[in-house]
Amino acid sequence: AQTVTQSQPEMSVQEAETVTLSCTYDTSESDYYLFWYKQPPSRQMILVIRQEAYKQQNATENRFSVNFQKAAKSFSLKISDSQLGDAAMYFCVTNTGNQFYFGTGTSLTVIP
Amino acid sequence: KAGVTQTPRYLIKTRGQQVTLSCSPISGHRSVSWYQQTPGQGLQFLFEYFSETQRNKGNFPGRFSGRQFSNSRSEMNVSTLELGDSALYLCASSLFRLGPYNEQFFGPGTRLTVL
């Protein structure tokens with residue numbers, strides 16, 4: 001089975017500052033996707049960003065970017081210019097084979 | 001395009017009862033997956049349905065079952081409810097079968113409380 005580890009259960013950031021959420025994963029697959037999903041208090045899970053494992057270039061989506069280190073099996077999420085609406089639980093997810101594997105989540109608090 | 005919808009949003013049952021949850025995927029999506037989310041275990045994959053057939057199953061007892069209809073709507077059933085079944089049940093849909101290239105779209109979830 002694949003495993004996804006998020007070692008930071010909780011993090012906080014000042015509004016307008018930058019924060020990085022960490023994620024490591026374990027897989028024997030060579031072809032897979034990685035995702036960061038956000039789950040705000042309303043509970044609807046929303047895709048934040050995704051990365052194809054075969055691409056060396058790190059994905060960027062507006063204020064969100066990733067640092068993908070394939071050899072190290074590391075996939076961190078950087079949120080720049082943090083906003084109050086970024087407060088949520090963030091899940092690191094791998095999609096290998098025919099299942100999605102979720103990390104335990106990092107709860108992000110944004111301090112005004 | 002309407003998102004994934006789940007009904008009911010909240011449910012309270014007692015031990016030993018059974019429950020059926022419903023999920024309507026995004027129009028055109030043929031794959032529906034179910035997840036159980038609890039504070040202790042996080043998000044765990046239950047099963048995936050595609051073209052009315054269960055394609056993949058997580059490590060849950062047989063009390064958890066599901067089905068998918070020809071319009072891709074899916075239902076999940078839990079029989080002989082236990083206290084530990086209290087959780088948020090999330091449904092997610094995707095265009096094709098789960099695989100390395102597919103994105104899932106999640107519904108708001110059904111909060112099940114077992115008393």
Of all residues in the stretch A:16-28, which are of a type outside the set (S, T, N, Q) and touching a strand residue (DSSP E or B) at 6+ places or on another chain (Cβ under 6 Å)?
-> A:Val19, A:Leu21, A:Cys23, A:Tyr25, A:Asp26
The stretch B:64-115 - residue that is basic (Lys, Arg) and either within 14 Å of chain A (Cβ to nearest Cβ) or touching a helix residue (DSSP H, G or I) at 6+ places or on another chain (Cβ under 8 Å) (or both) and, of those, farthest from A:Tyr101 (Cα to Cα) | B:Arg111
Is at least one residue of the stretch B:40-47 within 14 Å of chain A (Cβ to nearest Cβ), surrounded by fewer than 16 Cβ atoms within 10 Å (Cβ to Cβ) and not β-branched (Val, Ile, Thr)?
-> yes
Apart from one, (1) within 23 Å of A:Val93 (Cβ to Cβ); (2) at pLDDT 95 or above all hold for B:Asn59; the odd one out is (2)
Hey, can you tell me all the residues within the stretch A:1-43 that are closer than 29 Å to B:Gly3 by Cβ, of a type in the set (Val, Ile, Thr) and away from every other protein chain (no Cβ under 11 Å)?
-> A:Val13, A:Val19
Given the conditions (1) at pLDDT 95 or above; (2) within 22 Å of A:Lys38 (Cβ to Cβ); (3) β-branched (Val, Ile, Thr), and given that B:Thr20 satisfies all but one, which numbered condition is not satisfied?
-> (2)
Total residues in the stretch A:60-112, condition within 14 Å of chain B (Cβ to nearest Cβ) and in a strand (DSSP E or B) | 16
Return a yes/no flag: does the stretch A:18-29 have any residue that is of a type in the set (S, T, N, Q), in contact with a Phe, Trp or Tyr (Cβ under 6 Å, 6 or more places away or on another chain) and either within 22 Å of B:Gly58 (Cα to Cα) or not in a strand (DSSP E or B) (or both).
-> no
Restricting attention to the stretch A:1-17, report how many residues are surrounded by fewer than 16 Cβ atoms within 10 Å (Cβ to Cβ), in contact with a Gly (Cβ under 8 Å, 6 or more places away or on another chain) and part of a strand (DSSP E or B).
-> 1
Which pairs do you get when a residue that is within 11 Å of another protein chain (Cβ to nearest Cβ) and within 20 Å of B:Ala92 (Cβ to Cβ), found in the stretch A:45-59, comes within reach of a residue that is among the charged types (D, E, K, R) and crowded, with 20+ Cβ neighbours inside 10 Å, reach meaning Cβ atoms under 9 angstrom, with the pair 6+ apart or on two chains?
-> A:Met45/A:Lys38; A:Ile46/A:Lys38; A:Leu47/A:Lys38
Scan the stretch B:74-98 residue by residue and report those that are over 12 Å from B:Tyr35 (Cα atoms), free of Cβ contacts under 8 Å to residues at least 60 places away in the same chain and in contact with a Phe, Trp or Tyr (Cβ under 7 Å, 6 or more places away or on another chain).
-> B:Ser74
What pairs come up if the first residue lies in the stretch B:99-115 and is under 19 Å from A:Gln44 (Cα atoms) and free of Cβ contacts under 8 Å to residues at least 24 places away in the same chain, the second is of a type in the set (Ser, Thr, Tyr) and not in a loop (DSSP other than H, G, I, E, B), and their beta carbons are under 7 Å apart, counting only those six or more places apart or on different chains?
-> B:Glu103/B:Ser94
Is it the case that some residue within the stretch A:21-40 is surrounded by fewer than 20 Cβ atoms within 10 Å (Cβ to Cβ) and aliphatic (A, V, I, L, M)?
-> no
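The values are calculated or read from the model by the stated rules, or taken from the named source; none is laboratory data. In this text the structure is predicted, and so the values were computed from the model without any measurement. Here the Cβ is made from the backbone with ideal geometry for all residues, glycine too, and neighbour counts use every protein chain on show.
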